[in-house]
Amino acid sequence: MHIGPYQLKNNLILAPMAGISDRPFRELCTQFGAGLAVSEMVASNPALRQHKRTLLKANHDGETGIRSVQILGTDPQLMADAARLNAQRGAQIIDINMGCPAKKVCSVAAGSALMRDEALVKRILDAVVNAVDIPVTLKIRTGWDLHSRNAAKIAQIAENSGIAALTIHGRTRACKFNGQAEHDTVKQVKQAISIPVIANGDIDTPEQAQFVLQATGADAIMIGRAAQGNPWLFSQISHFINHGKHLEKPTVTDIYSILMSHLDKLYSFYGNASGVKIARKHIAWYFKHLESVAPDTKININQAQCPSEQIALIHSAFNLLTTDSAA
């Protein structure tokens, strides 16, 4: 799998997810075998460029692997400026967001709302591709709604504009994350263009990953929500595709070790106060892969105000789990 001059170590990609695909999570997923980990979206609005949160999103210090940054916006010139700025900050690939279904994004005609204006799509793609000398990729949905699927048309515009690879989430914007992904639409797009196509949507098991690759003919797959609290999914998928066998599921002790490593990265990256708050959602996702954890324990962890308190409560919860499993 190549994107421009870059060869990925495999065809498994971590999706850009707002508030989730930060540097600590990207590093963890890369450690578990993701061939590429795309950053959470960075707004092209000039007023936000020096904002602390924006700078953290664009932080790649010490990051291994290929650095891909997703940008969001509706103005071709501002998008071109954002692409140049992120390239200067170390991005090796620029990804354009035309797939986000969030109301606050679509209400300003950004994200997947852009698919309703094919002429504007072309102007944005041309502006960004011409602004930088690094590969530019695009992420879309199958269309705005079930009555206006135009992914194949957008894909052809993308290829003609010099887009290096195209990711398709197999749902319309109207579908959000409901229903089943349209793998047939992804297959049609793959057959219509010659640039690499990355399939996204409903890939949450090794078997499903293999099925989607075979059903769509896609060059790669992108995994989003299924990786939350489950970064080892990449190694499980890779092992299954390459060897036809399942890796053993991580033990409670394994999960504890992975979670502790993740928390350490979060505290270091965001600072103690913010790190504790941001960690809460990740802890909840990890707990979904464990036997029942007492509701009171979860509440106490969410109320912790400092790393030592949060870690102590998690340690106690895991001690109970390992004791129960040994009984």
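The values are calculated or read from the model by the stated rules, or taken from the named source; none is laboratory data. Worth saying up front: this structure is predicted, and the values here are computed from it rather than measured. Using ideal geometry, Cβ is built from the backbone for each residue, glycine included, and neighbour counts are taken over all protein chains shown. Side chains included, ligands, DNA and RNA excluded: accessible areas come from the protein's heavy atoms. Shrake-Rupley method; radii C 1.70, N 1.55, O 1.52, S 1.80 Å.
See the values below:
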quantity: For the chain, built as a Gaussian network whose Cα springs stay under 10 Å, the top-fluctuating residue of Leu233, Leu138, Leu55; calculated: Leu55
quantity: Residue-averaged [θ]222 nm for the chain, counting only DSSP H segments that reach four residues, each worth -39500 (n - 2.57); calculated: -14500 deg cm²/dmol
quantity: Accessible carbon and sulfur surface of the chain relative to its total accessible area, %, 1.4 Å; calculated: 50 percent
quantity: Residue-normalised accessible area of segment 1-48, given per residue in Å² at a 1.4 Å probe; calculated: 33 Å²
quantity: Among beta bridges that DSSP assigns inside the chain, antiparallel share in %, nearest 5; calculated: 10 percent
quantity: Order by protection proxy (mean Cβ within 10 Å, highest first), peptides 184-191, 35-42; calculated: 35-42, 184-191
quantity: Members of Lys52/Lys277; Lys139/Lys187; Lys265/Lys298; Lys57/Lys190; Lys139/Lys190 lying beyond 19 Å, as alpha-carbon distances in this model show; calculated: Lys265/Lys298; Lys57/Lys190
quantity: Most mobile of Met222, Met79, Met260 in a GNM of the chain (Cα contacts under 10 Å); calculated: Met260
quantity: Net charge of neighbours whose Cβ lies under 9 Å from the Cβ of Leu56, counting Lys and Arg as +1 and Asp and Glu as -1; calculated: +3
quantity: Probe 1.4 Å, protein heavy atoms only - accessible area per residue of segment 214-286 in square angstrom; calculated: 43 Å²
